[in-house]
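Worksheet: the structure to be examined is printed underneath.
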Amino acid sequence: MYGQVLLLNGNTWEPLCVISVPRAINLLIANKAVMVEATGRFLRSVRSEFPVPSVIALKQYINVPRRHAAWSRRGVLARDDYTCIYCGARPGDAPRGKLLSKQDFTVDHIVPRSRGGKDTWTNTACACYACNHRKGDRTDREAGMRLRWEPKTPRTSYIVITMSHGPDTWKKYIEIKP
């Protein structure tokens, strides 16, 4: 009975956290949650068979104060889904004849650190090595480069879930792009 289950808030279906399968089954049996997505596996007892959940939602909404996501390089790359903010390159693309992998992406500071730019969600974005090198120690305007989107602070729950490498079935319940 190992695995993780995405827990959604009642009514809003906003991701709250990732819980264990036993905790999810307890919430279902106590009639405090409903199953939204199943894994396709089953938990069998002598007389019954229960589908193992992948996503469950609480029946009642609970008020959760907003928590701010802590900035991290890994979080920035996950928030942007390893997509270059300047050219739109992604892992698997071959923009200059070289097949890109996740290791070819770096974190770029929109306002360079040498000019007072900070390590914040709104000042950092994912960039491919070529674009980051081309931009160098300049702003995007000075380098003649255009941002494809504005970097934003993600929801805390999104970062928690992305960092735990959840299954694909969770993606439709999570804000992927900023």
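The values are calculated or read from the model by the stated rules, or taken from the named source; none is laboratory data. This is a predicted model, so every value here is computed, not measured. Note that we place each Cβ from the backbone using ideal geometry, even for glycine, and neighbour counts take in every protein chain shown.
If you check D137, D108, D81 for being acidic (D, E), farther than 30 Å from G40 by Cβ and assigned to a loop (DSSP other than H, G, I, E, B), only one passes: D137.
Among the residues of the range 103-133, those that are surrounded by 14 or more Cβ atoms within 10 Å (Cβ to Cβ) and either polar (S, T, N, Q) or assigned by TED's automatic domain parsing to the domain that holds L16 (or both) comprise T106, T120, T122, N123, T124, N132. Pairs are defined by a Cβ separation below 9 Å, a sequence spacing of at least 6 or placement on different chains, a first member in the range 71-92 that is on the phi > 0 side of the Ramachandran plot, and a second member that is among the aromatic types (F, W, Y); the pairs so defined are Y82/F105. Looking only at residues of the range 161-174 that are in contact with a Ser or Thr (Cβ under 9 Å, 6 or more places away or on another chain) and outside any helix (DSSP H, G or I), we find that the one that is modelled with the highest pLDDT is P167. Across the range 5-51, the number of residues qualifying as at pLDDT below 90, polar (S, T, N, Q) and within 25 Å of H68 (Cβ to Cβ) comes to 2.
A single entry from R74, R96 fulfils the requirement of being basic (K, R), assigned to a helix (DSSP H, G or I) and either surrounded by fewer than 17 Cβ atoms within 10 Å (Cβ to Cβ) or out of contact with any helix residue (DSSP H, G or I) (no Cβ under 6 Å at 6 or more places or on another chain) (or both): R74. Among the residues of the range 124-137, those identified as out of contact with any Pro (no Cβ under 7 Å at 6 or more places or on another chain) and of a type outside the set (S, T, Y) are C126, A127, C128, A130, C131, N132, H133, R134, K135, G136.
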